[in-house]
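The values are calculated or read from the model by the stated rules, or taken from the named source; none is laboratory data. These numbers come from a predicted model, not from an experiment. For neighbour counting, all protein chains shown are included, and Cβ atoms are generated from backbone atoms with ideal geometry for every residue, glycine included.
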Amino acid sequence: MNHTKSHTLTEATKRMERYCAYQERCHKEVVGKLKRMNMIPEAIDHILGHLIQENYLNEERFAKAFARGKFNIKKWGANRIIRELKFRDISAYNIKSALAEIQNEDYLTTFDELAKKRMAQIKEKNLFKKKKKLADYLLYRGWESHLVYEKTNELIK
């Protein structure tokens, strides 16, 4: 596809409506896409305003969907979700609101299941190395260190 092609405001607006209707987007993704379409800053502001007004774009809704999806599908912990949302320039208010979507009981159950599943996959015989492998895996996925160290000590004795 030729990216030097210029788009009219109407064409670009319609494309962005489809882009946002397909799945939840954050402002940063939409602005990036419009820049790649060579839209001028005034046009970008206009389209962004339109998408927000018509509810195609809603950062709180995006943050909630993102947090639920990454938790339910990828089994990410709060730290990873927060980091990824911050990277997308999501406000602290919307990040807090997104994390509130995850019930504490589900959070701990998922963490427990993930830890046990991973533990069964680690073939390491050395207990210290086994603990490290499990902890690294869980920390990388954004689970809080106090939970991780408690769980590794509980599972590996």
Margin query: Could you go through region 115-131 and let me know if any residue there is within 26 Å of K64 (Cβ to Cβ) and within 17 Å of the chain's Cα centre (by Cα).
Written below: no
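Those residues that are part of a helix (DSSP H, G or I) and crowded, with 18+ Cβ neighbours inside 10 Å, I need them from region 88-100; list them, please.
Listed by number, the residues that qualify are N94, I95, A98.
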Item checked: From K123, K133, residue being surrounded by fewer than 14 Cβ atoms within 10 Å (Cβ to Cβ) and out of contact with any Leu (no Cβ under 7 Å at 6 or more places or on another chain) -> K123
Margin query: Being of a type outside the set (K, R) and not in a helix (DSSP H, G or I) is the filter here; which residues of region 45-83 pass it?
Written below: E54, N55, Y56, L57, N58, I73, W76, G77
Note to self: As an exercise: evaluate K75 against (1) in contact (Cβ under 8 Å) with a residue 24 or more places away in the chain; (2) among the basic types (K, R); (3) at negative phi and give the number of the one condition it does not meet.
What the structure shows: (3)
Note to self: Within region 53-87, take every residue that is basic (K, R) and buried (at least 18 other Cβ atoms within 10 Å of the Cβ) and give me the one that is nearest to H27 (Cα to Cα).
What the structure shows: K64
Item checked: Selection within region 1-44 - part of a loop (DSSP other than H, G, I, E, B), exposed (fewer than 11 other Cβ atoms within 10 Å of the Cβ) and among the charged types (D, E, K, R) -> K5
Next item on the list: Answer yes or no: is there a residue in region 101-114 that is surrounded by 15 or more Cβ atoms within 10 Å (Cβ to Cβ) and more than 18 Å from A67 (Cβ to Cβ).
Entry: no
Check: With respect to K123, is the statement that it is outside any helix (DSSP H, G or I), in the same structural domain as L147 (by TED's automatic domain parsing) and either in contact with a strand residue (DSSP E or B) (Cβ under 8 Å, 6 or more places away or on another chain) or more than 18 Å from Y149 (Cβ to Cβ) (or both) true?
Finding: yes
